[in-house]
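A short write-up of the structure that comes next.
The values are calculated or read from the model by the stated rules, or taken from the named source; none is laboratory data. Computed from a predicted model, the values in this text were never measured in an experiment. Every residue, glycine as well, gets a Cβ built from its backbone with ideal geometry; the counts of neighbours run over all protein chains shown.
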């Protein structure tokens, strides 16, 4: 038969049967028709937004030919044909995501949490444990921020290097790697290569020599901005020419190929992937002359910014048009057969769309019918008959039916029935509560690990001390903690600037590189985002990385990756993926503007999904690491920067003691005021409490230990119930973490009822910390400032006993109230009214 004939690639190395070529044409047409119909669904109001992969069908089919089980795709939101080609998504699932169907059986990528074309394999089972990654073609959850996938891409490929070169992992890798043969296939739009993290990733990949094949889809535009305004030399492959090297173990391989040339695409990808798989040499494939038939997305038209000449060129060079012409030219099929394929696919895509729509809408219709029935029963007994009738009519005749609308009807009815009592109303209120709780949970759960390996389920083991317990520098405690982890957990490794040969700038890893080697204790370049990315990708693949960010101030370079990718991963996949990476950094006061950072408010707002640990000393930090390395949620541990040389006693059980997350510790008992703090401020608070005791003020000091989670057992509220007053004390800016602690305690944990005076905060100044001892004193809160704050609280409560020591003051910026008597900024001792 004619379909048994073959066509070879230009180098003669690869061949494709007519049957395979026609199957590729069918898939390309299926994907294109899906894009066209998807846009219509948005424009008719069935979906709120759509973004599609039309114009890139052919190169994505080509790259899929190189993709094997165990490999990983991590791209951006136009890889629908790729996902269809490797069998990870079908058309019905594509439309289910477009409609935001929350049912994971219908929409397994994100459970309706992500907009369409954000794909993800379900790498975890229903218990949150890893599945076998070698038996599937793996896709890591896409994110919308341009180039945001690059950092994790490096880490996924780095894991293959670890698995290939660390032979001690052979017993652990049966579900994750086969000799590190797995290739990571990444993709990015040409305009997004202008992002700094793209260059950071490609540079790191060339240095590390990891198996990464990056496709750059180049259609000449970044939304409306043309390539010549995006990329030097008007070509990303030319811009990266200095990265290119064909020498072994150096640089990257760069390829360029037209996006409409089927045979050249297949040949390029098969060659590049084979070389990368065997040699672990990264590759960049610059796919040029692509088109975008529908423009960037459903939110605009490309006719507004493309010339007529460009639009005509795009019609001529559409990859499907070129593919069809090539098929006919090579007598693989005639027009009639290709027309039949197109008609068959139109029917198939529409049937798939309709199925997805019914899967989405039918349960909502049932819920609507239930509400109508409840309202009908209420209508018989209520005094608001007419109003309830209007609600029923609106619900029965709604053009756009969704749960948001059903909820609004329920809410309106609830307000109408506020002053009525009946059995029907009780039944209605019960349904309203259950309905609200059910769907709130649908969209709120899985932000953090809910598995049996959650850090919150690790049992506390207190440190044990004896007469033999050594007293050492704090850094030594961490060194011994990590030494044990390296010795007993082959999956554990640490990477970061100066971590390897130097052993960290504070010598926490001193001697460990020599003991365990470069693969376990590893130096990196100065590239915070991809240091974190190395950890994220490796953790996804079953390893246990600790990524070291030298200072908290420099974590801002990695914040976007941490916030948009790591913090959301478990949530945006509805529990389908996880990356239990541990971020180690050092913060709080030391010296100068960029070594005194304590921006916890920034982290609290940006990193929900990541636990935030703020130990007061290195012993507590070691206990937190022990906890986190037994569990599966990502976390950041912020060590006290100026405490590595302070003496601490080494626990006899240094390798096994744990610190529970979310459980504050009362580190000083008191009866008059509760001071809530963390990190470096604990030492200051204890010193101030000693001085306050001398003037008859008894202060209870509580170390929160973690800000996320925060006081899950109500320790602080219990203290306030005793003292009836509270001061939240830290060295973040006013309104930062102190305000968060106040809200969590007073509002969430109901401490308000036990206060007999206004809750206060004591913070650093709004400006960054200045250099030197005086700069530190006047910018950061000191023991004197805490003493003043506590004294004012006591004077407010007992003015006859506590004389007015601080009355001559003026309003200042910082943590002050509207009343001058309540000013609590850290420089208030020395402010006068002059």
Here is a list: 526, 531. Which entry is buried (at least 22 other Cβ atoms within 10 Å of the Cβ) and either at pLDDT 95 or above or not in a loop (DSSP other than H, G, I, E, B) (or both)? 531
Is it the case that some residue within the range 627-643 is outside any loop (DSSP other than H, G, I, E, B), touching a helix residue (DSSP H, G or I) at 6+ places or on another chain (Cβ under 6 Å) and more than 18 Å from residue 707 (Cα to Cα)? no
In contact (Cβ under 8 Å) with a residue 12 or more places away in the chain, buried (at least 17 other Cβ atoms within 10 Å of the Cβ) and within 24 Å of the chain's Cα centre (by Cα) - does that describe any residue in the range 253-261? no
Among the residues of the range 306-321, the number that are surrounded by fewer than 17 Cβ atoms within 10 Å (Cβ to Cβ) and within 29 Å of residue 6 (Cβ to Cβ) is 3
Under the condition of being touching a strand residue (DSSP E or B) at 6+ places or on another chain (Cβ under 9 Å) and surrounded by fewer than 24 Cβ atoms within 10 Å (Cβ to Cβ), which residue from the range 163-188 is nearest to residue 243 (Cα to Cα)? 166
Output the number of the condition that residue 213 fails; it satisfies all remaining conditions of (1) surrounded by fewer than 23 Cβ atoms within 10 Å (Cβ to Cβ); (2) within 17 Å of residue 277 (Cα to Cα). (1)
The number of residues in the range 382-410 that are over 20 Å from residue 426 (Cβ atoms) and out of contact with any helix residue (DSSP H, G or I) (no Cβ under 7 Å at 6 or more places or on another chain) is 9
From the options 736, 772, residue that is surrounded by fewer than 16 Cβ atoms within 10 Å (Cβ to Cβ) and either under 19 Å from residue 595 (Cβ atoms) or modelled with pLDDT under 95 (or both): 772
Picking from 621, 606, which residue would you name as being without any contact (Cβ under 8 Å) to a residue 60 or more places away in the chain and under 24 Å from residue 729 (Cα atoms)? 606
Residues that are touching a helix residue (DSSP H, G or I) at 6+ places or on another chain (Cβ under 7 Å) and touching a residue at least 40 places away in the same chain (Cβ under 8 Å): find the helices (runs of 4 or more DSSP H) completely inside the range 683-801 holding 3 or more of those. 783-797
Can you spot a residue in the range 360-368 that is exposed (fewer than 14 other Cβ atoms within 10 Å of the Cβ), outside any loop (DSSP other than H, G, I, E, B) and touching a helix residue (DSSP H, G or I) at 6+ places or on another chain (Cβ under 7 Å)? no
Hits in the range 148-171 - residues which are within 14 Å of the chain's Cα centre (by Cα) and either in a loop (DSSP other than H, G, I, E, B) or closer than 12 Å to residue 543 by Cβ (or both): 148, 149
Residues (buried (at least 20 other Cβ atoms within 10 Å of the Cβ) and either assigned by TED's automatic domain parsing to the domain that holds residue 708 or part of a loop (DSSP other than H, G, I, E, B) (or both)) located in the range 600-616: 607, 609, 610, 614, 615, 616
Considering only the range 761-778, state which residues are more than 33 Å from the chain's Cα centre (by Cα) and at negative phi. 771, 773, 774, 775, 776, 777, 778
Go over the candidates 341, 285 one by one and state the one that is touching a helix residue (DSSP H, G or I) at 6+ places or on another chain (Cβ under 7 Å) and in the same structural domain as residue 61 (by TED's automatic domain parsing). 285
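Condition check ((1) closer than 23 Å to residue 600 by Cβ; (2) in a helix (DSSP H, G or I)) across all residues:
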| residue | (1), (2) |
| --- | --- |
| 478 | yes, yes |
| 501 | no, no |
| 519 | no, no |
| 539 | no, yes |
| 547 | yes, no |
| 558 | yes, yes |
| 561 | yes, yes |
| 575 | no, no |
State all residues of the range 638-648 that are touching a strand residue (DSSP E or B) at 6+ places or on another chain (Cβ under 6 Å) and surrounded by fewer than 24 Cβ atoms within 10 Å (Cβ to Cβ); if no residue qualifies, say none. 641, 645, 647
Quick check, is residue 287 closer than 30 Å to residue 157 by Cα and in contact (Cβ under 8 Å) with a residue 40 or more places away in the chain? yes
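To keep it simple, each residue is scored yes or no on (1) in contact with a strand residue (DSSP E or B) (Cβ under 8 Å, 6 or more places away or on another chain); (2) within 23 Å of residue 208 (Cα to Cα); (3) at pLDDT below 95.
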residue	(1), (2), (3)
114	no, no, no
123	yes, no, no
145	no, no, yes
152	yes, yes, no
Return yes or no: is residue 701 within 18 Å of residue 782 (Cβ to Cβ), buried (at least 20 other Cβ atoms within 10 Å of the Cβ) and modelled with pLDDT under 95? no
Select, from 34, 81, the only residue that is modelled with pLDDT of 95 or more, under 30 Å from residue 175 (Cβ atoms) and either in a helix (DSSP H, G or I) or more than 30 Å from the chain's Cα centre (by Cα) (or both). 81
Go through 377, 336, 344, 386 for me and flag whichever is more than 41 Å from the chain's Cα centre (by Cα) and within 30 Å of residue 260 (Cβ to Cβ). 336
Which numbered condition residue 577 misses (of (1) out of contact with any helix residue (DSSP H, G or I) (no Cβ under 6 Å at 6 or more places or on another chain); (2) closer than 26 Å to residue 201 by Cα; (3) crowded, with 20+ Cβ neighbours inside 10 Å): (1)
Would you mind finding the one in 324, 277 that is outside any loop (DSSP other than H, G, I, E, B), at pLDDT 95 or above, under 38 Å from the mean Cα position of the chain (by Cα) and surrounded by 12 or more Cβ atoms within 10 Å (Cβ to Cβ)? 277
Subset of the range 441-473, residues exposed (fewer than 11 other Cβ atoms within 10 Å of the Cβ) and either farther than 30 Å from residue 644 by Cβ or over 40 Å from the mean Cα position of the chain (by Cα) (or both), comes to 441, 444, 466, 467, 468
Only one of (1) in a helix (DSSP H, G or I); (2) crowded, with 21+ Cβ neighbours inside 10 Å is not met by residue 238, so which one is it? (2)
Looking at (1) surrounded by fewer than 24 Cβ atoms within 10 Å (Cβ to Cβ); (2) part of a loop (DSSP other than H, G, I, E, B), find the lone condition where residue 107 falls short. (1)
